[in-house]
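The values are calculated or read from the model by the stated rules, or taken from the named source; none is laboratory data. Note that the structure is predicted; figures quoted are calculated from it, not measured. Here the Cβ is made from the backbone with ideal geometry for all residues, glycine too, and neighbour counts use every protein chain on show.
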Amino acid sequence: MAVIRSSAALGSMSFKPLIVICGTTGVGKSKLGIELALALSSKSARHHHPYHGARIINADSMQVYVGMDVITNKVPTEERCGVEHLLMDYKKPGEQLTGPEWIRDAMQVIDETHARNEVPIVVGGTSYWIQHLIFPERMASLDKSSAEASSTPVSPSPSEAYTNALASLPPELLALFNDLPGIAPIADTNPRLAMDLHRLLGMIDPLVAQRWHWRDSRRVLTNLRIIQENRRLASEIIREQSHTASKPRYRTLCFWLYAKPDALKPRLDDRVDQMITQGLLNEILTLKAIAAAGSSSSPDGAPPTESRPRMDYTLGIYQAIGYKEFHDYLSAAEPSETAFREAVEQMKLGTRRYAKRQVSWLRNKLLPAVNAANAAARAENNSPVVPTYLLDATELGDAWKTNVLDVADDITKAFLEGEALPDPLALSKTASKMLTVPDRPTDPIAVLSAHQRTVCDVCTIDPVQPVMVDASKWEMHVRSRGHRRLTSKRTKGPHVAPEQSVEDGSSSESPGDQSDIEIPWQ
């Protein structure tokens, strides 16, 4: 079997270790994390490294919220076997935790864990967060760093492009830029403001604006805030990042826990049924009640403050699969059995689709970033800096110990002790197949340029709400049934207002549902 050297053996890297366990929902990530942590904490095990324990750091965007254990699939406390779980249950429903905020919190607890001579094990399915934890300088944050924070903050000098862009704005858009809304508008209920924000971004920074659909009002607003705070165009910052090779923050060992779809699908369906038995509907009713009472962020109706921010009940845990699917059933005056069965099937379908998107992200985004970093390390006569292994969890029972736990335990020990590591492609046929991916651009400006959006005049009914399509998916769009139907109607006679094409590229967020492309500040 081919081997690769662990970078710890070279003595050329000062990075402290980080273990990451990622993969789809329902595949056993938490189980493996606990088992590895227990193995590292075992007093009977022989270790030749300085670490004598481990802590698990949650990287699931839904499990950060207090309570709601069923809908977010948290491991029950009694099944955690005494292993400490961090960044779990530390946000309230209605609050939103952004990627940069989670990364800041994760880095803090990773440093604390290293200071205790313990190994941090990051476990979760929000691969976007994990990727940007491993690889820095690819996600902008609105939060000032401690080095930047001071009692007398100094505004950065504006760039020439920034100054020229603001000078060209019409008065109404300049006023909007100087007084951006605190919360992104919902496109369905306030399309005018959502479109105005997109038009504003388009006039200031067209390259970035064309990346986002006007319905992606949160991302549009975030980019405007980045520009406002830095007094530079977002595209200027991205170009700077493109000149910097992406290197990992830590000496990282990554495990991708994978199960073949035919085996995973029935597990996911069974888990939905178990969640309903365990009290899923009661949790959804609780969430509905919190949202209904959440018109203000305090019981006495006092306005939001810096220490008590406004809650947003369209984001956060309210994106968890199950909440939307059971909303109509639980809102009906007389819920029917038919509506219940339909909600169950929609939740199962949503869960399966989410798992598919998670695999897509890992193969199309995380693996290319890992491969690019490892290739750069090899070019410098170094070892791969992020050894990444696929563990085949298709079979359970005794096969779990053989194919997953034992393999992960052996690799972890070798990684921490600086020994030679096995070739990731040689672990199994499934590993060889799934880890072999085509080269994809990881340079931020190249990615940005490759995924510009364009307006489809055929499918646009209301100019205030244009249909926008990712340029990389244009050919697929024009072949779609909706686009062809509208084209046919327009060529046959007078235009009759048809239904809006579903191929409009608008985003619908669900837990961990990231954009189909990796660029900063999503």
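Would you check if Leu87 is of a type outside the set (Ser, Thr, Tyr), crowded, with 18+ Cβ neighbours inside 10 Å, under 22 Å from Glu283 (Cα atoms) and modelled with pLDDT under 90?
For Leu87, the condition - of a type outside the set (Ser, Thr, Tyr), crowded, with 18+ Cβ neighbours inside 10 Å, under 22 Å from Glu283 (Cα atoms) and modelled with pLDDT under 90 - is not met.
Mind listing just one residue for me: the one in the range 468-491 that is β-branched (Val, Ile, Thr) and at pLDDT 75 or above and, of those, surrounded by the fewest Cβ atoms within 10 Å (Cβ to Cβ)?
In the first step, residues of the range 468-491 are kept if they are β-branched (Val, Ile, Thr); the result is 469, 478, 487, 491.
Then drop every residue that is not at pLDDT 75 or above, which leaves 469, 478, 487.
Numbers: Val469: 23, Val478: 15, Thr487: 13.
Within the range 468-491, the match that is surrounded by the fewest Cβ atoms within 10 Å (Cβ to Cβ) is Thr487.
Could you check the range 56-101 and list, in sequence order, the residues that are at negative phi, among the acidic types (Asp, Glu) and assigned to a loop (DSSP other than H, G, I, E, B)?
Taking the range 56-101 first, the residues at negative phi are 56-66, 69-72, 74-80, 83-86, 88, 90-93, 95-101.
Filter once more, keeping what is among the acidic types (Asp, Glu): 60, 69, 78-79, 84, 95, 101.
Passing the criteria: Asp60, Asp69, Glu84.
Every residue in the range 104-124 that is of a type in the set (Val, Ile, Thr) and buried (at least 19 other Cβ atoms within 10 Å of the Cβ), please.
Taking the range 104-124 and keeping what is of a type in the set (Val, Ile, Thr), we get 109-110, 113, 119, 121-123.
Residues satisfying the conditions are Ile110, Thr113, Val119, Ile121, Val122, Val123.
Quick check: is even one residue across the range 187-200 surrounded by fewer than 17 Cβ atoms within 10 Å (Cβ to Cβ), touching a Lys or Arg at 6+ places or on another chain (Cβ under 9 Å), modelled with pLDDT under 95 and not assigned by TED's automatic domain parsing to the domain that holds Ala37?
yes
What are the residue pairs meeting all of these: first residue in the range 245-270, first residue touching a residue at least 40 places away in the same chain (Cβ under 8 Å), second residue part of a helix (DSSP H, G or I) and of a type in the set (Phe, Trp, Tyr), Cβ atoms under 8 Å, and 6 or more apart or on different chains?
Leu253/Phe415
Having 3 or more residues that are more than 30 Å from Tyr329 (Cα to Cα) and of a type in the set (Gly, Ala, Ser) is the bar; report the helices (runs of 4 or more DSSP H) wholly within the range 214-292 that clear it. Working first, answer last.
Values: elements: 217-230, 234-242, 261-277, 280-292.
Answer list for the range 214-292: 234-242.
Looking at the structure I just gave you, is Thr222 outside the structural domain of Glu112 (by TED's automatic domain parsing), modelled with pLDDT under 90 and more than 21 Å from the chain's Cα centre (by Cα)?
Working: outside the structural domain of Glu112 (by TED's automatic domain parsing): yes; modelled with pLDDT under 90: yes; more than 21 Å from the chain's Cα centre (by Cα): no.
No.
Quick check: anything in the range 90-107 charged (D, E, K, R), closer than 30 Å to Thr277 by Cα, modelled with pLDDT of 90 or more and under 18 Å from the mean Cα position of the chain (by Cα)? Before you say what the answer is, go through the steps one by one.
Within the range 90-107, the first condition is being charged (D, E, K, R), and the residues that meet it are 91-92, 95, 101, 104-105.
Among the residues that remain, those that are also closer than 30 Å to Thr277 by Cα are: 91-92, 95.
Add one more test, that the residue is modelled with pLDDT of 90 or more, and what stays is 91.
When the remaining residues are screened for being under 18 Å from the mean Cα position of the chain (by Cα), the result is 91.
Yes, because at least one residue in the range 90-107 is charged (D, E, K, R), closer than 30 Å to Thr277 by Cα, modelled with pLDDT of 90 or more and under 18 Å from the mean Cα position of the chain (by Cα).
If you go through the range 377-395 one residue at a time, how many are loosely packed, with under 14 Cβ neighbours inside 10 Å and in a loop (DSSP other than H, G, I, E, B)? I'd like the intermediate steps shown before the answer.
Taking the range 377-395 as the starting set, the residues that turn out to be loosely packed, with under 14 Cβ neighbours inside 10 Å are 378-381.
Still in the list and also in a loop (DSSP other than H, G, I, E, B): 380-381.
Of the residues in the range 377-395, 2 are loosely packed, with under 14 Cβ neighbours inside 10 Å and in a loop (DSSP other than H, G, I, E, B).
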